[in-house]
Amino acid sequence: MYSRKPVKTSDGSSTIFIPELNESYHSIHGALTESQHVFIENGFKLLKQDKVKVLEVGFGTGLNALLTLVETCKNSQEVNYCALEPYPLELELIVQVGYDKLVQEESIRKVYYSW
């Protein structure tokens with residue numbers, strides 16, 4: 001298993017960096033910016049159905065799932081979200097990236113930590 005450590009990105013959000021591979025889970029230019037632009041704005045928001053099924057291959061930090069949950073709370077869409085992750089992050093790393101601080105609703109934070 002490779003070592004993983006949280007690092008700040010240019011937009012102030014964090015991502016996970018794997019030094020041995022010189023790879024990060026998100027763009028170093030902005031983890032939040034990337035997920036919002038790619039996954040939400042140019043993916044999820046284009047789906048106009050009342051019921052949506054999402055398959056995410058590589059759950060990673062859970063940021064895409066968290067942003068999807070925030071969006072579903074805004075528009076009352078029903079979402080069946082399935083994510084596959086062969087190497088889940090330890091709770092300590094999830095806490096360190098601090099994505100729970102991106103949302104105000106305590107109920108959403110609780111869901112995020114339950115994953």
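Taking strands (runs of 3 or more DSSP E) that do not extend beyond the stretch 12-115, which have at least 1 residues that are within 19 Å of Met1 (Cβ to Cβ) and without any contact (Cβ under 8 Å) to a residue 60 or more places away in the chain?
Details: elements: 14-18, 51-57, 78-84.
Hits in the stretch 12-115: 14-18, 78-84.
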Looking only at the stretch 73-84, decide whether some residue is modelled with pLDDT under 95, closer than 18 Å to Tyr112 by Cβ, surrounded by fewer than 16 Cβ atoms within 10 Å (Cβ to Cβ) and of a type outside the set (A, V, I, L, M).
-> yes
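Quick check on the stretch 1-19. Is at least one of its residues at pLDDT below 95 and out of contact with any strand residue (DSSP E or B) (no Cβ under 7 Å at 6 or more places or on another chain)?
Within the stretch 1-19, one or more residues are at pLDDT below 95 and out of contact with any strand residue (DSSP E or B) (no Cβ under 7 Å at 6 or more places or on another chain).
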Go through Glu56, Glu90 for me and flag whichever is among the acidic types (Asp, Glu) and over 19 Å from Ser27 (Cα atoms).
-> Glu90
Within the stretch 96-105, is there a residue that is more than 17 Å from Ile16 (Cβ to Cβ), basic (Lys, Arg) and modelled with pLDDT under 95?
-> no
Mind counting the residues in the stretch 36-69 that are in contact with a strand residue (DSSP E or B) (Cβ under 8 Å, 6 or more places away or on another chain), over 18 Å from Glu85 (Cβ atoms) and not aliphatic (A, V, I, L, M)?
-> 3
So which of Val70, Val54, Val38 ends up being at pLDDT below 95 and either surrounded by 14 or more Cβ atoms within 10 Å (Cβ to Cβ) or among the β-branched types (Val, Ile, Thr) (or both)?
-> Val70
Across the stretch 85-99, what is the total count of residues that are aliphatic (A, V, I, L, M) and loosely packed, with under 13 Cβ neighbours inside 10 Å?
-> 1
Find the residue count for the stretch 74-115, including only residues that are of a type in the set (Lys, Arg) and under 13 Å from the mean Cα position of the chain (by Cα).
-> 2
Identify all residues within the stretch 1-11 that are assigned to a loop (DSSP other than H, G, I, E, B) and without any contact (Cβ under 8 Å) to a residue 60 or more places away in the chain; write none if there are none.
-> Tyr2, Ser3, Thr9, Ser10, Asp11
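The values are calculated or read from the model by the stated rules, or taken from the named source; none is laboratory data. Predicted, not measured: the structure shown is a model, and the values here were computed from it. Ideal geometry is used to build each Cβ from the backbone, glycine not excepted, and the neighbour counts take in all protein chains shown.
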